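Okay, so here's the structure we're looking at.
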Amino acid sequence: MNEHCDVAIIGAGPAGSIAAALLRKAGHHVVVLEQSHFPRFSIGESLLPQCMEFVEEAGMLDAVNNAGFQFKNGAAFSRNNAPGAFDFTQKFSDGPGTTFQVQRADFDHLLAKQAIAAGADIRFGRRIDGFGYDDTDLPVLNYRDESGDTHTLHSKFVLDASGFGRVLPRLLDLETPSDFPVRRSLFTHVEDNISDDNYDRDKILIVVHPEHKDVWFWLIPFSNGRCSLGVVARQEYFDLDNNDAEVLLKLVVSESPELKRILANAKFDTAVTVLGGYACKVKSLWGKHFALLGNAGEFLDPVFSSGVTIAMKSASLAVPQVNRELAGEDVDWQQSYAAPLQLGINTFRAYVNAWYDGSFQDVIFSYKQQPEVRGMICSILAGYAWDQSNPFVSNPKRLQTVVSLCRE
Ligand SMILES: Cc1cc2nc3c(=O)[nH]c(=O)nc-3n(C[C@H](O)[C@H](O)[C@H](O)COP(=O)(O)OP(=O)(O)OC[C@H]3O[C@@H](n4cnc5c(N)ncnc54)[C@H](O)[C@@H]3O)c2cc1C
């Protein structure tokens, strides 16, 4: 069956739903094809304050604020019990200083419902498996429904928001190796039973392994007494050939005295997931009548919880360009979409690299931080990686000067 719309979106994660709602504001006929049924699990549960601006732009702020998610006002870091907490309200950049920690099944479902309420036609259980152009050079998507029947969707523009599905990168051979080594993560949800009064549920806790500085854990508390718990390391660090994933996760957690103490009464009641090789990159973030959003474009690393923010930022940057293209303007997608998006991605990239080589950790755990510099770094940790008035965004190499000062 041949169908037509203005803009077809692949995937209804944060990038897809935000883009759909923004396009509806411009009055376009938007069809979103999503392979799964919501609510569905997704990793990526700690948001950054910057993303609240995109939630607001899409008209979803009240719904998100009223959903009962766990309040979040910062990030706490710990290395051999040395604390390094950042309060995002003390950031340098303008904009929201707080956000939420969310179970993505509920969060993504909420965003999708909001996009539907804004008039987007989201169809669940539809898997895209083909892309091409019709004889007028406009994009055509082929997809299957759950009965296995095939369909064709014609549009004027396609936004690929398929996340790790990476639909167009795979179909159009756009993938290129990531700059990062292959890392792996083991994670689960636990009933945390944390009784430590000093434990701050309003912050993600990042704990560095006591012996290996490139191995780290996250603890993301939710509002229902549960926590997301995960560990990240180079893939060869985990001996999954000889160990069950849950046994292994418990073993590495027990290597951190701090986490062992915090989680002493935790009940492991959910299967442990193993995910590896998630860092990804593309040769181009756009092509003829299409653009890649969020993880369908590039994914760096989970350490600074930047994924959802980048996904939403990409939607916020791409939609005005789609509007212009649909209005008949010539759009320079490199200048008006890819380059501005890359600015923030590259800021995060510098900090991720500096995290794993240990230099940024030496800043986080230093007692020598100057308040002004701390506010600027705090901004980046809060997701304001596109704020060029922040000297640490306009010149990420400045970080190395601070590293030297802290290490002196
Ligand atoms: C270990 C780990 C921890 C992370 N922690 C965080 C964190 O704390 N905070 C954070 O912000 N980010 C985190 N991330 C990153 C985060 O998961 C992603 O960046 C974010 O979900 C990307 O959003 P998206 O909208 O681009 O894609 P997604 O959220 O992945 O949504 C893509 C959608 O497309 C659909 N889809 C895929 N293929 C097809 C197809 N062929 N046809 C139709 N539909 C399709 C999928 O079903 C899915 O619903 C983490 C990532 C990892 C690996």
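Below is a table of values for the structure above.
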read-out	value
Label-point separation, residue 56 to residue 288 (7 Å along Cα→Cβ), nm	4.1
Amide H contacts under 5 Å for residue 4, placed H, 5+ residues apart	154
Contact order normalised by residue count of segment 358-407, Cα under 8 Å, 6+ apart, percent	52
Helix 339-356 vs. the chain, principal-axis angle (Cα, 0 to 90°, nearest 10)	30
Pairwise FRET efficiency - residue 223 versus residue 397, Cβ, R0 = 45 Å, nearest 0.05	0.70
Under 15 Å, Cβ to Cβ, from residue 146 - net charge with Lys/Arg +1 and Asp/Glu -1	+1
By average C-beta atoms within 10 angstrom, highest first, the peptides 7-16, 197-206, 105-114	7-16, 105-114, 197-206
Share of Cα-Cα pairs in segment 358-407 lying beyond 15 Å, as whole percent	39
Estimated inter-spin distance, residue 81 and residue 152, nm [label 7 Å along Cα→Cβ]	6.9
Cα-Cα over 23 Å, subset of 113/267; 250/368; 113/313	113/267; 250/368
Residue 242 versus residue 332: modelled label distance in nm, points set 7 Å from Cα along the beta carbon direction	5.8
Equivalent ellipsoid semi-axes, segment 183-276, via Cα gyration tensor eigenvalues times 5, rooted, Å	21, 14, 12
Whole-number percent relative contact order across segment 254-408, with pairs defined as alpha carbons under 8 Å at least 6 apart	17
Hits among aspartates and glutamates - C-alpha to C-alpha of residue 260 under 13 Å, sequence gap 8 or more where chains match	192, 196
Largest to smallest accessible area among 29, 289, 209 [probe 1.4 Å]	29, 289, 209
Average projection area in nm² (convex hull over Cα atoms of the chain, one quarter of hull surface)	19.9
Percent RCO, i.e. relative contact order, over the chain, from Cα pairs under 8 Å lying at least 6 residues apart	21
Backbone HN-Hα couplings from phi across segment 294-311 [Karplus 6.51/-1.76/1.60, Hz, Gly and Pro as x]	x, 5, 5, x, 9, 10, 8, 5, x, 4, 9, 6, 8, x, 5, 5, 5, 4
Crossing angle, helix 245-254 versus the chain [Cα axis fit, 0-90 degrees, rounded to tens]	40
In segment 201-244, chymotrypsin sites (Phe, Trp or Tyr not before Pro) in a DSSP loop with at most 10 other beta-carbon atoms within 10 Å	none
Formal net charge of residues neighbouring residue 160 (Cβ-Cβ distance under 11 Å; K, R +1; D, E -1)	+2
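The values are calculated or read from the model by the stated rules, or taken from the named source; none is laboratory data. A quick note: this is a predicted structure, and the numbers were derived from the prediction, not measured. Please note: Cβ atoms are built from the backbone with ideal geometry, for glycine as well, and neighbour counts cover all protein chains shown. Note: accessible area is taken over every heavy atom of the protein model, side chains too, but ligands, DNA and RNA are not part of it. Shrake-Rupley method; radii C 1.70, N 1.55, O 1.52, S 1.80 Å.
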